[in-house]
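> This is the structure I have questions about; it appears just below.
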Amino acid sequence: MHGMLSSMNYNGWILTTLLLLPVLGAVMLSVQAAGSGQADDATKMSSARRTALLFFTAEAVISLGLWWSIDYGTADWQATVTVPWIPQWGIFYRIGVDGIAVLLILLTTLLMPLTVLGSWTSIRQKPHAFYALLLVLTTGMLGVFMALDLALFYVFWELMLIPMYLIIGIWGGQRRLYASLKFFLFTMLGSLLMLVAILYIGLKTVDPLGRPVFAYDWILQSASYPGTASLWLFGAFFVAFAVKVPMWPFHTWLPDAHVEAPTAGSVVLASIMLKMGTFGFIRFALPMFPDAVNHPVVRSSVIVLAVIGIVYGALVSMVQPDFKKLVAYSSVSHLGFVMLGIFALTTQSLQGALMVNINHGISTGALFLLIGMLYERRHSRMIADFGGIAKVMPVFAVLLTIVALSSIGVPGTNGFVGEFLVLIGAFTTEPVAAVIATTVVVFAAVYMLWALQRIIYNPLSKPENAALKDLNWREIGLLLPLIAAIFWLGLYPAPILNRTHAVATRIIERVHGMSDATSAGVVRP
Amino acid sequence: MLESTHPLADTAARFVWWLPTLPLIGFLINGALSVYASAKLGPADPSSDHGHEAHGHSANAHHQPHAADAGHDGHDTPIRHRFAAIASVVGPGVMVVAFGLALATFFAMRGVEMHSPYVNTLFSWLPVGALQVDAALQLDGLSMVMVLVITGIGMLIHLFSVGYMQDDPGYPRYFAYLNLFVFFMLLLVLGANYVVTFVGWEGVGLCSYLLIGFWFSEQANADAGKKAFIVNRIGDFGFMVAMFMLFAHLGTLDYTTIAAKADQLPAGGIVVTAICLFLFLGCAGKSAQIPLFVWLPDAMAGPTPVSALIHAATMVTAGVFLVARSSMLFSIAPVASLTVALVGAVTALFAATIGLKQWDIKKVLAYSTVSQLGYMFIGVGVGAYTAGVFHLVTHAFFKALLFLGSGSVIYAMHRAYHATHHHGDDAQDMRNMGGLKKYMPATWALMWIATLAIAGVPPFSGFFSKDEILGAAFARAHGSTLADATLLGLPGSTVLYIVWVLGLASALLTAIYMTRMMLYTFHGPNRTGAANTPHLAEAPWIMTGPLVVLGVLSLVGGWLNLPAVITDLMPIGPSGTLEHWLEPVVGEATARVAGTGTHLSASTEEVLIGFAVAIAIAGIVIAKMRLKPEVLVSKSASLPSNGIQRVLEHKWFVDEAYDATLVKPTYAISKSVLWTGIDVGLIDTLLVNGSAALTRFLGWMGGQLQSGRVGTYAWMLVLGALLLLRAFARAS
Amino acid sequence: MLAESLTLSAALFTIGVIGVLTRRNAIIVFMCVELMLNAVNLSFVALSRLYGATGQVFVIFVMTVAAAEAAVGLAIIISIFRHKKSVNLQDINILRG
């Protein structure tokens, strides 16, 4: 496989193709939309979704080669491309991947076709625009994972924001305007601070010709910041990423955005966009500002916020009457695990955090798809409106049970592997935080099983539910890959762990090593 | 030792991974059948919610389907029957094969000299730097005993279920869950490290959840399942923390490595004590000990064979297994060991008192199980690991028998009620039974065997195991490491005497409540009602057969580990067979706890045995004399009780207390403080909307300057110019 | 001579400013603005004796701009008058934010 791919020079063109293909698809959809002015809604919907599915499937298929074409034994950048963009200002189109980025790219490309299938019948309004925005969004997300130039990274970072804002604002539920505006403002607030920090860094690091430098590697090698600058810069990045994660207390945009977004929006938001925050921490905040990360106050504050998020998210999930909101708050809890794993700074916890990232993408994505299917049938997301539907929707009940169990980390499913690694790693450096976080295994069981019981078990007492149709083949088919992933990652996660090991080790070493070298005034606990 | 050079490498033991795989295959087949059946053929019985089965029992589910879907159902019946036939072959079939393989492995193990466990590594599961967790299975004396119990008794209960569940619409689903349970249970006992055991540990909890809530259409059943899972997860929290500590301090989670490295931890130190206490929290959850026992009585909402297999014979004993498995750690943590013994003893007595006043036949057995599990913890707590495991095995025999016997009784009661369309009455309430001896003689005789066994009457199996535990508790009070430690300011020897006394007291109560159950169920006049009586009959052979086998085992189970003091008196068999068998696993730990001079003299031991037997017989006699089945009236006619009786009947109001102090406050705080208070109130309203309001206010202020009056603007311009002039003047 | 010219210029400018600030009639305000411009012109001319002819060139510019401004300004005032039937500045607040 590897040989075949390298004979095609696969690594040379794959990343750029992955970025351009969705844009091409979006253009195609716009052309289609212009050409289908008179057609009725059903025709428009089916032509739009078919084109979108075609592009997303193509994207998924060509991206698969990354699984083999990348050498995971090294932490160096691979499949790199460098093209000058605005060279006078030191801005280059510079992309490449490492083991962590590849997995997130694959998660994105493989999940996107499923979101199209999940929106198959539910998006009836302006379908072309919807799928075009979804495609542009994909480019933005993939770009974030690939960018090796801080200015380019920022461009992609902002590029994700607009399509998602529109998706929530146009195709969302009752309070979509409120939710989309909140989403936009929260994210923008952080991004602007990050922009300032990026500009400072770029202007501070100059090349021999005196031009600013935004190249990630260059900045890593040469950057050292005077006095408290490192802390300020870290703070700016922290806010941008923490909003996106979202960490407590920056999380309140998430429940609103999730609840109001259409199914595809919720899936993308939960499964991929939330990973931007944690990815940002791993890729940028940790290696670029090791002094700040090692600063005892900074580190313990982040860990405290992470633990609060873990427990708080679970407790608040417990009392939600809306199933979608419940899942949204459970995301706050899960992403808290990721943050704990990252800032505990051990190989186990960091790799566990990466696992939780991927697992959360799979399980929460599947949960949102399932909720969407239920919503299409019953037009309600309120838990109290259901009950006993395992009798009428047995396949749905089985799948929901599996996904719910994976979400609360039952061993044998993917959820356990991530949580366990985070906690066992975090315990060696942050025992108290790890023990408090572990209590969530109880609360998670409470909120998830209670919701499960009230939806699929209990008496089938509401007459509206008696006639619900079970899932059709399209719906089963789109969930099966996710179910398979749940068990695969739960039972045999070694391929993933091996693929992230080199990078994780390098990041941990860098954070520890830098502080040892420049340990003036910085004490590592 | 390397896998390939181990003496077991060329024997049947190399197929050990087939042991869990077989039931997994069974699960997949039955699960597919079940999903296919309900998806293709529609729900078996959509309009019925089993509402008439007051305790979720469905032995009578062979009534006609409701008129609404009669046509639909009639059409599908042949397919349904074919599915049921496949499930009846696959479900018990995989168990028979697994039991055969277990026997073959057992004989292979008997044939070789084993110094180290046989570890079969399948693949690398969690390889992350220093943490290397393999998916590996471990065969040694302890796991072999457990495997035999699980596959053997599991097989019998699967067979029993074929009869018991035959008319249930969820028949394939039932066997799917049951097979899945066996899979996880085998993983639990065969795991070569804590993590694999933990997979099984949570897996059996999951199956228990699914099986308790098997008749999920009734809220009480679904509630009970959820409660079981959540309480178990509190225990799992402890298990997880213990694993974290082990990794942090020893850098591994493999049993063999930990056993070898355990000495690196300071004996009696805070670390090993904390590890053991956290582990025990896990055990308390899984094995229903104080304070986490509340789920087990509710778990009786599941089908009765499930109660026999999961909630009596196997899953709930996992905690005892885990302590025995971690004996190297517990043996250097005397404080933790004393805690285990004391909690076990208190639980044994506490549950026995509740058992005295329950009317539901399964609830009596449930509290009896909690109590007997307490006994097992006394055993492993005082460092008599073999005794604990021995009682685990004999208890599996007689308690499975008791549950299956009660299942037969309930089955008969249901059939009688069903035949007379008499659905209002409770088929599990002993006040509705009485005099069943006449109708079900075989069940009566077998259940008496089990009752005598659990009461501790010689020569039934329970006598030997219970006696060994009490003897060990007494013996450890002198010269052992436990006796020298202190727990909560009490010297260890005092604690051990308290444990011993509590054990004796609960032995007395056990004899009383078990006799009570037998008297009310099988003796005295019949209270089922004249119309129902002619329909009472013995269950079919597929159900009675397993009962007979278990009866024999309950009778002779004691021969597994005869005490030397008895074989010295009368040569009825070899002594200490199980002890020799488990010696490579727990021998070192046992010796370490026992310390010096803990062997009781033969005469002391004889006195203790005599004492225990006297107590058991006294209990039976007291019950027989004090209780009058003749004056009992049926459930609907009985009056509510009061005083201490009421407290016992309501289980000391523990559930209510937990609800009021833990469940409700957590919910209320989450809802009103965290969600509406902090999330919606503080963050969203004050900070988010507050900053928006502040921005709007500042904007309004700025807007006020833009009055639109050119005159005002001109004034400002001039004032600004003057200010600038003044500033320039100052500067120059 | 220079001092007197500059004093006159300052006096004219101040009168202009006071007129702009106190009067309500747009035409009068406009005239006062013209007065201010011409006060500045006067000081330019006076100072050109000291600093050369550049000031006088500036005066030409200012006068040209003032003429253009007068044309535009009067046109605006007329169109406001047509619209509002008033040239009172108090009545004109469509710039209000």
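> Sketch the reach of a paramagnetic label on B:TRP559 as a point 7 Å from Cα along Cα-to-Cβ, and name the residues of segment B:85-127 whose backbone nitrogen lies under 16 Å away.
none
> Quick check: from the Cα gyration tensor, does segment C:2-84 come out rounded (a/c under 1.5), prolate or oblate? Provide the component values of the computation, followed by the final result.
Values: a/c = 6.17, a/b = 1.77, b/c = 3.49.
Oblate, since a/c reaches 1.5 and b/c is not below a/b.
> Then there's this: For segment B:84-224, build the charge dipole from Cβ charges (+1 Lys, Arg; -1 Asp, Glu) around the Cα centre, then report which of B:SER161, B:TYR209, B:LEU186 sits farthest towards its positive end.
Of the listed residues, the answer is B:LEU186.
> Next up: Nearest 20 debye, what's the magnitude of the dipole of segment A:298-393 about its Cα centre given +1 on Lys and Arg Cβ and -1 on Asp and Glu Cβ?
Details: 7 positive and 3 negative charges, 25 e Å.
So the dipole magnitude of segment A:298-393 works out to roughly 120 debye.
> Give the accessible surface of segment C:2-84 per residue, rounded to a whole number of Å², with probe radius 1.4 Å and ligands, DNA and RNA excluded.
Values: 5270 Å² over 83 residues.
Result: 64 Å² of accessible area for each residue.
> Can I ask one more? Nearest 10 degrees, 0 to 90: what angle lies between the long axis of helix A:150-171 and the longest principal axis of chain A (Cα atoms)?
For helix A:150-171, the angle is close to 20 degrees.
> Below 8 Å, C-alpha to C-alpha, sequence gap of six or more: please give me the relative contact order for chain B in percent.
Values: 1204 pairs, mean separation 91.3, N = 732.
That works out to 12 percent.
> Could you provide, to the nearest whole Å², the per residue accessible area of chain B with probe 1.4 Å? All intermediate terms of the calculation are to be shown ahead of the outcome.
Numbers: 26230 Å² over 732 residues.
Per-residue accessible area for chain B comes out at 36 Å².
> Sticking with this structure for a sec: Please check segment A:317-349 for residues whose accessible area, probe 1.4 Å, is lower by 40 Å² or more when all protein chains are in place than in their chain alone.
A:VAL319, A:GLN348
> Where in chain B is the longest stretch that carries no GluC sites (Glu not before Pro) classed as loop by DSSP and with at most 13 other Cβ atoms within 10 Å?
Working: sites that count: B:GLU3, B:GLU113.
It works out to B:114-732.
> Rounded to the nearest 500 deg cm²/dmol, what is the calculated helix-only ellipticity per residue at 222 nm for the protein assembly as shown, with -39500 (n - 2.57) per DSSP H run of length n ≥ 4?
Values: 54 runs with 922 residues, N = 1354.
Computed mean residue ellipticity for the protein assembly as shown: -23000 deg cm²/dmol.
> Under a 1.4 Å probe, what is the accessible area of segment A:309-382 per residue, stated in Å²? Working shown, then result.
Details: 1000 Å² over 74 residues.
The answer is 14 Å² per residue.
> Summarise the accessible area of segment A:55-210 (1.4 Å probe, protein heavy atoms) by the percent that is carbon and sulfur. Provide the component values of the computation, followed by the final result.
On the way: 4060 of 5640 Å².
For segment A:55-210, the apolar C and S fraction of the accessible surface comes to 72 percent.
> Counting only protein heavy atoms, what percent of the accessible surface of segment C:2-84 is carbon or sulfur at a 1.4 Å probe?
Details: 4010 of 5270 Å².
Roughly 76 percent of what the probe reaches on segment C:2-84 is carbon or sulfur.
> Continuing with this model, one more query. What is the angle, in °, between the Cα long axis of helix B:385-419 and the longest principal axis of the Cα atoms in chain B? Nearest 10 is fine, range 0 to 90.
Tilt of helix B:385-419: around 90 degrees.
> Could you report the buried accessible area between C and B, both sides summed, computed with a 1.4 Å probe and given in Å² to the nearest 100?
900 Å²
> Angle, helix A:473-491 long axis vs. longest principal axis of chain A, Cα atoms, 0 to 90°, nearest 10?
So the inclination is approximately 40 degrees.
> Shifting gears a bit: By its C-alpha gyration tensor, with a ≥ b ≥ c as the square roots of the eigenvalues, how is segment B:195-258 shaped: rounded for a/c under 1.5, else prolate for a/b larger than b/c, else oblate? List each step's numbers first, then the result.
Numbers: a/c = 6.73, a/b = 2.85, b/c = 2.36.
Verdict is prolate for segment B:195-258.
> OK, next. Which of the residues in segment A:424-442 lose at least 50 Å² of accessible area when you go from the chain alone to all protein chains together (probe 1.4 Å)?
A:ILE424, A:PHE427, A:THR438, A:VAL441, A:VAL442
> As I understand it, the dipole of the protein assembly as shown uses +1 on the Cβ of Lys and Arg and -1 on the Cβ of Asp and Glu, about the Cα centre. Which of B:SER641, B:THR121, A:PRO226 lies farthest toward its positive end?
A:PRO226
> Something else: Ignoring ligands, DNA and RNA, how much accessible area is buried between chains A and B, both sides summed, with a 1.4 Å probe, to the nearest 100 Å²? If you can, show how the numbers build up before the last one.
Details: alone 19150 and 29320 Å², together 43210 Å².
The buried area between A and B, both sides summed, comes to about 5200 Å².
> In chain B, what percent of the accessible surface is made up of carbon and sulfur (1.4 Å probe, ligands and nucleic acids excluded)?
Values: 18170 of 26230 Å².
The C+S portion of the solvent-accessible surface of chain B is 69 percent.
> Compute the signed sum of charges (Lys and Arg +1, Asp and Glu -1) over the other residues within less than 14 Å, Cβ to Cβ, of B:LEU436.
Value of the local net charge: +3.
> Oh, and also: DSSP loop trypsin sites (Lys or Arg not before Pro) in segment A:174-260 with at most 14 other Cβ atoms within 10 Å of their Cβ, which ones? Could you put the intermediate results ahead of the total?
Values: sites: A:ARG175, A:ARG176, A:LYS182, A:LYS204, A:LYS244; in loops: A:ARG175.
Passing both the DSSP loop test and the Cβ count: A:ARG175.
> Right, here's the next one. Taking the Cα atoms of segment B:578-732 alone, what are Rg (to one decimal) and Dmax (as a whole number) in Å?
Here Rg and the maximum Cα pair distance are 42.8, 118 Å.
> Skipping prolines and chain starts, which residues have an amide H placed within reach, meaning under 5 Å, of the one on A:VAL206, given they are 5 or more residues away or on another chain?
Those qualifying (amide H under 5 Å, at least 5 residues apart or on another chain) number zero.
> Around A:MET146, with a cut-off of 11 angstrom between Cβ atoms, what is the net charge of the other residues, counting Lys and Arg +1 and Asp and Glu -1? Could you put the intermediate results ahead of the total?
Details: positive: A:ARG94, A:ARG283; negative: A:ASP98, A:ASP149.
Net local charge, A:MET146 excluded: 0.
> Please compute the alpha carbon radius of gyration of the protein assembly as shown, then divide it by the globular-protein estimate 2.2 N^0.38 Å. Two decimals is fine. Numbers along the way, then the final one.
Values: Rg = 39.0 Å, N = 1354, 2.2 N^0.38 = 34.1 Å.
Normalised Cα radius of gyration, the protein assembly as shown: 1.14.
> Could you run the Karplus curve 6.51 cos²θ - 1.76 cosθ + 1.60 with θ = phi - 60° over segment A:197-213 and give me ³J(HN,Hα) per residue in whole Hz, x for Gly and Pro?
The phi angles translate into 5, 5, 5, 4, 4, x, 6, 6, 8, 10, 8, x, 7, x, 8, x, 10 Hz.
> Between B:ALA637 and B:LEU28, what FRET efficiency follows from the Cβ-Cβ distance if R0 is 35 Å, with the result rounded to 0.05? Let's see the in-between values first.
Numbers: r = 50 Å, r/R0 = 1.42.
Taking R0 as 35 Å, the efficiency between B:ALA637 and B:LEU28 is 0.10.
> In percent, how large is the relative contact order of segment C:2-84, given Cα pairs closer than 8 Å and 6 or more residues apart? Walk me through the intermediate numbers first.
On the way: 64 pairs, mean separation 22.7, N = 83.
Relative contact order, segment C:2-84: 27 percent.
> May I pose another question? From Cα coordinates alone, what are the radius of gyration and Dmax values for chain B in angstrom?
Rg, Dmax (Cα atoms, Å): 31.1, 123.
> By the scheme Lys and Arg +1, Asp and Glu -1, what is the net charge of all other residues having a beta-carbon under 14 Å from that of A:LEU399? It would help to have the intermediate numbers written out before the result.
Numbers: positive: A:ARG474; negative: A:ASP470, A:GLU475.
Counting the neighbours of A:LEU399, the net charge comes to -1.
> At a cut-off of 20 Å², which residues of segment A:443-479 become less accessible once all protein chains are present than in their chain alone, using a 1.4 Å probe?
Residues of segment A:443-479 that lose at least 20 Å² of accessible area once the other chains are added: A:ALA445, A:VAL446, A:LEU449, A:TRP450, A:GLN453, A:TYR457, A:ASN458, A:PRO459, A:LEU460.
> How much FRET efficiency would the formula 1/(1 + (r/R0)^6) give for B:LYS624 and B:GLU583, where r is the Cβ-Cβ distance and R0 is 51 Å, rounded to 0.05? All intermediate terms of the calculation are to be shown ahead of the outcome.
Values: r = 42 Å, r/R0 = 0.82.
My answer for the efficiency is 0.75.
The values are calculated or read from the model by the stated rules, or taken from the named source; none is laboratory data. Treat the numbers as computed from the prediction; the structure is a model and nothing was measured. Neighbour counts run over all protein chains shown; Cβ positions are idealised from the backbone, glycine included. For accessibility, only protein heavy atoms count, side chains too; no ligands or nucleic acids. Shrake-Rupley method; radii C 1.70, N 1.55, O 1.52, S 1.80 Å.
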